[in-house]
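Asker: Here it is, the structure in full.
Readers should treat all values here as calculations from the given coordinates under stated rules, not as data from a laboratory. All figures in this text were calculated on a predicted structure; none of them were measured in a lab. Neighbour counts are summed over all protein chains in view; Cβ atoms, including those assigned to glycine, are modelled from backbone coordinates with ideal geometry.
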Amino acid sequence: MSYGDVTKPLRGPEMGDKEANVYDAGLGILIEDGFISKINDSDSLISEFAPSWNKRTTNHDGALIIDAGGNAIIPGFVDSHTHLIWSGDRSNEMALRQSGLTYSDIADIGGGISKTVSSTRKSTFQELVNIGLDRANRALKLGTTTLEAKSGYGLNTETELSLLEATSKVNENTNCEIHATWLGAHDIPKNMEKKEYLNELINDQLPKVCEQGIAEWADVFCEPGWFTTEETADIIEACNGMGLGSRLHVDEFTDSGGLSLAVEMGSVSADHVACSNNESRSEADKSGVMQTFLAGTQYVLGMKEFPPMRECQENSWAFSIATDFNPNCNTISMPFVGSLATHRCGIDPLSALAASTRNPSTTMGYSGGELPGTISEKSKASLNILKSKSLDSWCQTPGMNPILMTVANGHIVK
Ligand code: NIG
Ligand code: FE
């Protein structure tokens with residue numbers, strides 16, 4: 001077992017290396033104050049911390065004991081890309097796509113992001129909090145213990161700020177740890193010139209977001225038809241100038257140089273990156289920009305091509321996977337995207353697990369070794385007991401929950 005520096009992502013063959021990444025059976029994990037303080041042989045831990053334990057009770061000598069019964073235990077998932085809070089329903093878009101319209105055609109006829117913006121703006125603050133809370137708790141039941149949540153369905157200062165405030169309220173009321181991203185540049189609001197909106201983003205939304213300290217990063221939907229690379233650079237330079245880092249939507253439908261821009265901007269993560277070129281992938285890896293693949297999007301859009309995870313692994317370029325939970329890709333299940341990674345993108349279950357836990361965790365702004373995403377001494381106590389003894393089962397039951405029990409940031413999830 002040579003877990004290495006857990007603040008760094010795994011790459012290439014080390015992602016799927018069972019010897020380096022998987023503990024032997026028979027160990028116990030001691031959790032204190034929300035962190036893993038010791039990993040040792042179960043019997044030794046019990047004799048040291050709960051000598052009178054007799055398997056019929058759980059609470060002994062001040063220690064709460066969970067008997068995993070030999071089932072596999074994996075780190076809690078870190079879903080590093082979600083659009084958590086919005087209201088409304090866009091399930092009608094499936095039939096529109098089947099009639100031949102693309103994602104972009106649907107946006108042009110009033111569907112897509114702008115439709116969700118209209119419904120979201122009509123919701124009250126409390127409704128948005130309740131919606132977010134329900135979804136965060138659903139994610140928890142599916143094993144996600146850390147989650148990134150973007151705004152982006154307000155597209156005006158008032159609603160963008162209120163979505164971020166709602167996100168922080170949700171964070172206060174769930175055991176799933178939530179990190180907020182400001183995505184004011186998700187689309188151009190109806191009845192507004194792009195130039196005018198860019199001005200609002202940079203000179204009104206951004207300073208207020210920074211002043212209120214309610215987002216950890218900024219994001220832009222950098223894609224032809226939405227924000228160009230030049231516009232994205234203007235926004236992100238302004239963000240960097242105010243001390244706000246970035247994680248970006250880039251190269252989802254075409255390679256417009258978005259991944260190279262993310263490298264230039266020093267983004268922590270470049271997401272979608274389905275169409276990026278290999279030169280920029282290699283650059284991203286060298287400069288520490290995580291590539292985050294969102295295969296759920298290709299799945300719901302019925303695309304033939306899935307993201308090149310296998311190629312990234314063969315080239316030892318670091319990557320993560322995330323759900324991209326949004327009204328179009330309406331799943332908040334990491335086991336489901338793990339299924340896509342293994343059943344459709346050709347990577348093995350342990351590598352897919354590294355891409356869902358340790359790797360995204362390194363992008364979430366933690367310092368030191370006290371981060372989630374691994375089961376190691378000092379790491380956050382966020383883990384899942386699977387229903388099976390097989391570790392690989394975590395992503396092999398699409399549509400069904402493989403998780404028996406979750407400990408999220410030291411709390412047992414009921
Ligand atoms: O990451 N592509 C931009 N944003 C979302 C989709 C948003 C929507 O369709 O509502 C995404 O896929
Ligand atoms: Fe997204």
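Asker: Just to check I understand the Karplus step: with θ = phi - 60° and J = 6.51 cos²θ - 1.76 cosθ + 1.60, what whole-Hz values come out for region 363-376, glycine and proline as x?
Answerer: 9, 9, x, 7, 10, x, x, 8, 10, x, x, 9, 9, 8
Asker: Take the chain, connect every pair of alpha-carbon atoms lying under 10 Å apart with a spring to form a Gaussian network, then pick out the residue of 224, 51, 349 with the largest mean-square fluctuation.
Answerer: Its mean-square fluctuation being the largest, the pick is 51.
Asker: If you don't mind, another one. Between residue 97 and residue 282, what's the calculated FRET efficiency when r is the beta-carbon distance and R0 is 35 Å? Round to 0.05.
Answerer: 0.55
Asker: While we're looking at this one, here's another question. Can you give the % of DSSP beta bridges in the chain that are antiparallel, to the nearest 5?
Answerer: In the chain, approximately 40 percent of DSSP beta bridges are antiparallel ones.
Asker: Whole Å is fine, so just give me how far the alpha carbon centre of region 135-189 lies from that of region 303-332.
Answerer: Cα centroid to Cα centroid, the span is 21 Å.
Asker: A further question on this structure: Stretched out fully, how many nm does the piece from residue 42 to residue 233 gain, at 0.36 nm a residue minus the Cα gap?
Answerer: 63.5 nm
Asker: Once amide H atoms are placed 1.01 Å from N in the peptide plane, what residues at a sequence separation of 5 or more from residue 320, or on another chain, have their amide H within under 5 Å of its amide H?
Answerer: 291, 292, 293
Asker: With labels modelled as points extended 7 Å from the Cα through the Cβ direction, what inter-label distance (nm, one decimal) is found for residue 119 paired with residue 30?
Answerer: Output for this residue pair reads 5.0 nm.
Asker: Another question, then. If you line up the long axis of helix 278-287 against the longest principal axis of the chain, both from Cα atoms, how many degrees apart are they, to the nearest 10?
Answerer: 60 degrees
Asker: Straight-line reach only, C-alpha to C-alpha below 17 angstrom: list the lysines that residue 208 could link to, leaving out same-chain residues fewer than 8 apart.
Answerer: Within reach: 150.
Asker: Okay, moving on. With every atom except the alpha carbons ignored, what do you get for Rg and Dmax of the chain, in angstroms?
Answerer: 21.2, 71
Asker: DSSP loop (so not H, G, I, E, B), at most 15 other Cβ within 10 Å: list which trypsin sites (Lys or Arg not before Pro) in region 169-207 pass both filters.
Answerer: Passing both the DSSP loop test and the Cβ count: 190.
Asker: Which residues does a label at residue 216 reach in region 129-166, if reach means a backbone N under 11 Å from a point 7 Å past the Cα toward the Cβ?
Answerer: In region 129-166, the label zone of residue 216 (backbone N under 11 Å from the point 7 Å along Cα→Cβ) covers 146-149.
Asker: Can you list the aspartates and glutamates whose alpha carbon is less than 18 Å from that of residue 380, not counting same-chain residues fewer than 8 positions off?
Answerer: Straight-line reach from residue 380, under 18 Å: 5, 32, 33, 79, 148, 172, 177, 370.
Asker: Gap in Å between the Cα centre of region 370-398 and the Cα centre of region 28-51?
Answerer: 17 Å
Asker: Taking Cα centroids, how far is region 211-263 from region 55-101 in Å?
Answerer: Centre-to-centre distance over Cα atoms comes out at 28 Å.
Asker: In nm, to one decimal, how far is the residue 68 label point from the residue 52 one, both placed 7 Å along Cα→Cβ?
Answerer: If labels sit at residue 68 and residue 52, their model points lie 2.7 nm apart.
Asker: Given the options 360, 372, 207, which has the most mean-square fluctuation in a GNM of the chain, springs set between C-alpha atoms less than 10 angstrom apart?
Answerer: 207
Asker: Right, something else. Quick one: which residues, 5+ away or cross-chain, put their amide H under 5 Å from the amide H of residue 246? H built at 1.01 Å from N.
Answerer: Excluding prolines and chain starts, which carry no amide H, the hits are 218, 268.
Asker: Report the calculated FRET efficiency for residue 242 and residue 172 (r = Cβ-Cβ distance, R0 = 25 Å), to the nearest 0.05.
Answerer: 0.50
Asker: On a full-extension model of 0.36 nm per residue, what is the gain between residue 316 and residue 203, subtracting their alpha-carbon distance, rounded to one decimal in nm?
Answerer: 36.7 nm
Asker: Next question. Relative contact order, percent, of the chain when contacts are C-alpha pairs under 8 Å separated by at least 6 residues?
Answerer: Once normalised by length, the contact order is 22 percent.
Asker: Using Cα springs under 10 Å in a Gaussian network model of the chain, which residue among 124, 167, 331 shows the largest mean-square fluctuation?
Answerer: Checking each option, the largest mean-square fluctuation is seen for 124.
Asker: Can you give the FRET efficiency for residue 18 and residue 104, using 1/(1 + (r/R0)^6), R0 = 45 Å, r = Cβ-Cβ distance, to the nearest 0.05?
Answerer: 0.55
Asker: Then there's this: What full-extension length gain, to one decimal in nm, is calculated for residue 377 and residue 7 as 0.36 nm per residue of separation minus the Cα-Cα distance?
Answerer: Taking residue 377 through residue 7 to full extension adds about 131.9 nm, to one decimal.
Asker: If you filter region 168-252 for GluC sites (Glu not before Pro), then keep DSSP loop positions with at most 13 other Cβ within 10 Å, what is left?
Answerer: Qualifying residues, ordered by number: 193.
Asker: Rounded to the nearest 5, what % of DSSP beta bridges with both residues in region 17-173 are antiparallel?
Answerer: Counting DSSP beta bridges with both partners in region 17-173, the antiparallel share is about 75 percent.
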